[in-house]
Amino acid sequence: MNAKRLLLTAGTLLALSGCNSEPLPQAATPTFSLPAGTYISAQAVTLSTATAGATIHFTTDGSTPTASSSTYSTPISVGTSMTVKAFAAAGGYADSPVGSAAYVFVPPLAPTALRAVPENSQVALSWSASDGATGYHVYYSTTAPVSTASPRVAASGTSTTVTGLTNGVAYYFAATASGAGGEGLLSDQGCGVPTPASTDGLTLYDPLCGPVLDGHLWQPPGSQVAQVSGGTALLTTAMTNEESRTIRNSIYSSVAAVNAGTRRVTTLQVGLMKVPAATASRSGGGEIRAGVRLIYSPPASRLNFPGGAKDVVVAEIGLGDDGAGLQAYRQVTHCDDASCAILSTASITFSDPPGFASLPGGLLSGAPAAYDQYYTFILSLDEATGIFHWLIGGGTFGAGVSGTANPSAYLAATLGWSGVPLAGPGFAAAQVVARTQDQTQAGGGSGEITAQFTQVQVGLDGAPPILWDDFSGTPGNSAPPELRLNKWSSGGTHAVGLSDGALVVTAHSTSAGTNSSQGFGVIFGDPESVNTVQADITMKGFTATGAGTNANAMVQGRYFNDGTHGGAPNSALGDILASVFLSAVTDAATYSIMRCTNPQCGAVSVIGSGTFSGVSVGTGLHTVLVKWDHTAHTFTFGVDGSLLAVDPSALVPVAGPANSPMKRIFSAVGVPATAGTVASTDVRINNVFVAR
């Protein structure tokens, strides 16, 4: 009883001794208006707390704030990487927990769409803005690639001009963007070649100082090399941003065509062919191929590109890579439109060996092969049966696999082939070829390939094949560096490609006892809309031995028609060809106006010409201009600012636009029938400007 009373008393005392001292409530942790994270440009951070009347103390160096730390009153500017920490304090409240947010600043992304426009002793540059950039730098150098160790100029906006440069020298440029996080990475590289020429009223088409030709600016064949070295023929082709083959059959190629004269090639055999992996690459939808082919077409259809490919039949075997690895393939197709953009195997019967399967797209059949291995290719037409026979041997195929293709049903059902047999007038060409193309609808792929060929045998008019060329240099065979002209209709040696800041066009021909003239260069991708072409051209070197040789460079185009369209689509008959020539042989600059007298413009008649007085071609840089004013019907020809205006309407009717328009910048060599005479050119081309 007493114990129980004592316990109650103690409990009562314990309850009474609490004095109502409960813990103080805690102030709310500050919140940050800007989430922690990575940023490019300067920011502002607003701090707030849900506790009314509270004071916020903060630090920006990552240290824990105290009552003596900065008191927050206005938004905090955050322009460099930092960690902001803050707590709230208020009367009647315990201090809040510390809130924290880390901000990391990175440089802006590299500028895009860098564009370089050449001017006199300077290059004007522009680019797209980079988010968060507060300034830019442009680095430049006469060698590629540009680095941040190169000289630079600063720019506050998205353009600047680099001055004090040397005309005719290629400069490479790259831009960086700077911001709160410092200076960013270099942009993609651009290039420009300062020019003394006036470019008023003109638009830069291509500076021709980049790494690879652009397939959306230049038609096939594009970059190409054909030469003889070490007992082999080397064919190289390269292109970037390729136009889709399905638009107008854009195939970028290097070709050696058998010079059979009036005879037919019924068998084409390459004893040894390989594709080195080190010289083969592709991206996007780009495909690379090398092989041999026989081409047949009705003679009535043989007009200039793109009008003469309707009903063409092509049989081809070779090596190709569309991204799935190297394959040996066979392809026999017919062209179902004028430009051969539409290919088909309809009504062609195939017999393929075991292991061969249809490849993507359905036009080819093939089997895996390997880079850096030699293969044998034999392609023939049995003129008695009209059946193609082919064999691929060596490499992974040992003694060889073979098959056939029979186009008889297609030929019989096609009006263009009515009364025209493959055997005889149907034969068009036999070729060894390296090429790249993009079969996708979008295009834009890239490809580069070098193929090595040797021990070529040819069978003529149904006879068994015999040695045609072993490229050894022994009598009758091609010798380094050139394909023998009486063996190959595209003989000599030539190269077209971008190198050392210019489009370099070289050509070399040695007469094998017949007249020969060949031209190489670049062809505009959209000639219809171009009325003016201006280019900087340097004849860096040339050779011309003996009378009758020529070596020149030219800007040339077909601008209008005199009303005689030739009765066929894309016939050049009656088209007017205007040119400015720089002749290394005569050291003179001339212009000419010529009329195409056949559908291919392979024959012309001169209707006007003249010489630029006081111009010496030499080995210096010259600016060449051809301008057509379709309203005033006047040509303006120019070399280095010396202009000659000619009204062709006094010489020939101006009936309408060219039926087969073309614009090109070329170098040409020609040799006479005197065996052993030599012609060669080494031409540099830059700064193609146009007006439309």
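The values are calculated or read from the model by the stated rules, or taken from the named source; none is laboratory data. This is a predicted model, so every value here is computed, not measured. Here the Cβ is made from the backbone with ideal geometry for all residues, glycine too, and neighbour counts use every protein chain on show. Only protein heavy atoms, including side chains, enter the accessible area calculation; ligands, DNA and RNA are left aside. Shrake-Rupley method; radii C 1.70, N 1.55, O 1.52, S 1.80 Å.
Data for the structure
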item: Under-5 Å amide H pairs with Gly513, H placed in peptide plane, nonlocal only; result: Ala675, Gly676
item: Spherically averaged projected area in nm², based on the convex hull that wraps the Cα atoms of the range 51-204; result: 12.9
item: Residue-by-residue Karplus 3J(HN,Hα) for the range 459-474, coefficients 6.51, -1.76, 1.60, Hz, glycine and proline x; result: x, 10, 6, x, 6, x, x, 10, 4, 9, 6, 10, 6, 8, x, 5
item: For peptides 161-169, 427-435, sequence by mean Cβ density within 10 Å, most packed first; result: 427-435, 161-169
item: Area projected by the alpha carbon convex hull of the range 472-623, averaged over all directions, nm²; result: 11.4
item: Stokes-Einstein D for the range 205-339, Kirkwood Rh over Cα pairs, 20 °C, 1.002 mPa s (µm²/s); result: 128
item: Whole-Hz couplings from phi, Karplus 6.51/-1.76/1.60, listed for the range 182-187; x for Gly and Pro; result: x, 8, x, 7, 5, 6
item: Trypsin sites (Lys or Arg not before Pro) restricted to DSSP loop in the range 164-272 with at most 15 other C-beta within 10 Å; result: Arg263
item: Sorted peptide list for 458-465, 116-123, criterion being average Cβ within 10 angstrom, highest first; result: 116-123, 458-465
item: Amide hydrogen neighbours beyond the local backbone of Gln227, cut-off 5 Å, H modeled; result: Leu234
item: Angle between the chain longest axis and helix 2-16 axis [Cα atoms, degrees, rounded to 10]; result: 60
item: J(HN,Hα) series, the range 295-301, from Karplus relation 6.51 cos²θ - 1.76 cosθ + 1.60, nearest Hz, glycine and proline x; result: 10, 10, 7, x, x, 5, 8
item: Percent of Cα-Cα distances greater than 13 Å, calculated over the range 282-353; result: 70
item: Cα-based Rg of the range 533-670 normalised by 2.2 N^0.38 Å, two decimals; result: 1.06
item: Inter-part distance where the range 505-583 and the range 185-215 are each reduced to a Cα centre, Å; result: 23
item: The range 590-692: C-alpha gyration tensor shape, a/c 1.5 cut-off, then a/b vs b/c; result: oblate
item: Radius 15 Å from Cβ of Ser41, net charge of other residues (Lys, Arg +1; Asp, Glu -1); result: -2
item: Under 5 Å, built H, 5+ apart or other chain: amide partners of Thr51; result: Ala28
item: Dipole magnitude of the range 477-634, debye to nearest 20 (Cβ charges: Lys/Arg +1, Asp/Glu -1, about Cα centre); result: 360
item: Burial ranking of peptide ranges 218-226, 613-621, 543-551 (average Cβ count within 10 Å, highest at the top); result: 218-226, 543-551, 613-621
item: Residues of the range 396-438: accessible area per residue with a 1.4 Å probe, Å²; result: 37
item: Quotient of C-alpha Rg and 2.2 N^0.38 Å, computed over the range 441-490; result: 1.61
item: Dipole of the chain, positive end: most advanced residue of Thr267, Thr71, Cys335 [Cβ charges, Cα centre]; result: Thr71
item: At q = 0.19, 0.25, 0.26 Å⁻¹, base-10 log of I(q)/I(0) for the range 498-565 (Debye sum, equal scatterers on each alpha carbon); result: -0.99, -1.25, -1.31
item: Cα pair count fraction exceeding 40 Å, expressed as % - the chain; result: 46
item: Accessible surface of the range 555-686, 1.4 Å probe, proportion on carbon and sulfur as whole %; result: 55
item: Pairwise centroid distance, computed over Cα atoms, of the range 83-149 with the range 362-388, Å; result: 57
item: Links that overshoot a 31 Å alpha carbon limit, given the list Lys540/Lys627; Lys310/Lys487; Lys274/Lys540; Lys487/Lys540; Lys310/Lys540; result: Lys274/Lys540; Lys310/Lys540
